[in-house]
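The values are calculated or read from the model by the stated rules, or taken from the named source; none is laboratory data. The model shown is predicted, which means the values in this text are computed figures rather than measured ones. Heads up, the Cβs are rebuilt from the backbone with ideal geometry, glycines too, and the neighbour counts pull from every protein chain shown. Calculation scope for accessible area: heavy atoms of the full protein, side chains included, ligands and nucleic acids excluded. Shrake-Rupley method; radii C 1.70, N 1.55, O 1.52, S 1.80 Å.
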Amino acid sequence: MNGILKKILCASMAAVIGLSLVSCGKTSTMERIEKSGKLVVGTSADYAPYEYHTMIDGKDTIIGIDISIVNEIAKDLGVQLEIVDMSFDGLLAALNSDNVDIVIAGMNPDEDRRKAVDFSKIYYEAKQGVLIRAEDKDKIKTIEDLKGKNVGAQLGTTQESIAKKQMENSTLVSLGKIPDLVMELKNNKIDALVVELPVANGYVKNNSDLALSEITVEEESGGSAIAVKKGNADLVALIDKSLDRLMEEGAIEKFVQEANEKNVTK
Ligand code: ARG
């Protein structure tokens with residue numbers, strides 16, 4: 001009985017969904033991808049090892065953990081991959097105005113964002129780090145040590161809200177791109193920069209004048225997920241399927257390792 005009821009319910013729901021598609025005539029993201037034969041991915045390629053520019057055979061190319069992942073998703077969908085690089089704080093607007101099909105950018109699916117878009121499952125977990133100048137390593141060890149100092153964070157990120165909430169005695173400096181913030185740190189314009197730990201570690205590895213501080217911040221919503229415009233459950237399911245495969249194969253760990261090795265961001 002239960003099984004029959006479920007079938008009836010399912011059939012009538014399918015009918016309703018089918019009707020609403022016909023009646024409103026809107027194309028879903030999946031339909032657009034199939035029609036164009038490409039997956040258009042929005043990202044903010046200033047975030048090594050997640051996504052960053054590098055020279056390959058004399059050509060400026062965007063690589064990183066996230067790019068390797070969407071490459072696999074495009075393959076699974078049987079379409080070409082196109083990357084669109086923009087400011088992090090413009091990504092979800094681009095998604096909701098159909099300028100890109102999906103967004104991958106080391107993005108944490110926090111509560112506010114979940115109101116605006118849907119997310120895949122979490123594909124990678126990372127904590128936050130606070131980047132400082134190496135010479136300040138003994139001076140800046142706690143959040144209190146940042147009192148009266150300038151703290152940088154990327155515009156529109158969870159790190160920006162962490163800095164606002166947890167470092168309220170510091171002056172927040174928000175900029176659109178991470179390399180500009182690192183420059184500010186090197187030039188003494190800011191004294192600390194809140195970023196994802198893998199990003200901080202990459203800069204420490206490649207810049208002897210930078211260091212990771214001992215400061216730990218409270219996590220709000222760790223983990224990165226892929227954003228999709230609301231109302232595209234079919235696409236989210238396919239993305240999750242690819243992510244499951246990649247996680248089972250241990251591919252994501254491999255992408256992380258590769259991206260860290262290739263990361264020479266100064
Ligand atoms: N994880 C942070 C957030 O979701 C920052 C991500 C920044 N990503 C980037 N590609 N710049 O807000």
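Considering only residues of the range 30-77 that are in a strand (DSSP E or B) and β-branched (V, I, T), which is farthest from N260 (Cα to Cα)?
Among those that are in a strand (DSSP E or B) and β-branched (V, I, T), it is V40.
Listed residues K241, K230; which is surrounded by fewer than 20 Cβ atoms within 10 Å (Cβ to Cβ), in contact with a strand residue (DSSP E or B) (Cβ under 6 Å, 6 or more places away or on another chain) and over 30 Å from I143 (Cα atoms)?
K230
Go over the candidates K149, K127 one by one and state the one that is over 20 Å from A45 (Cβ atoms) and surrounded by fewer than 15 Cβ atoms within 10 Å (Cβ to Cβ).
K127
Just for the range 174-201: of the residues that are open to solvent by 30 Å² or more (accessible area, probe 1.4 Å) and not charged (D, E, K, R), which one is farthest from the ligand (Cβ to nearest atom)?
Among them, the one singled out is N188.
Filter the range 43-92 down to residues that are small (G, A, S) and open to solvent by 60 Å² or more (accessible area, probe 1.4 Å) and give me whichever is farthest from D240 (Cα to Cα).
Per the criteria, the residue is G58.
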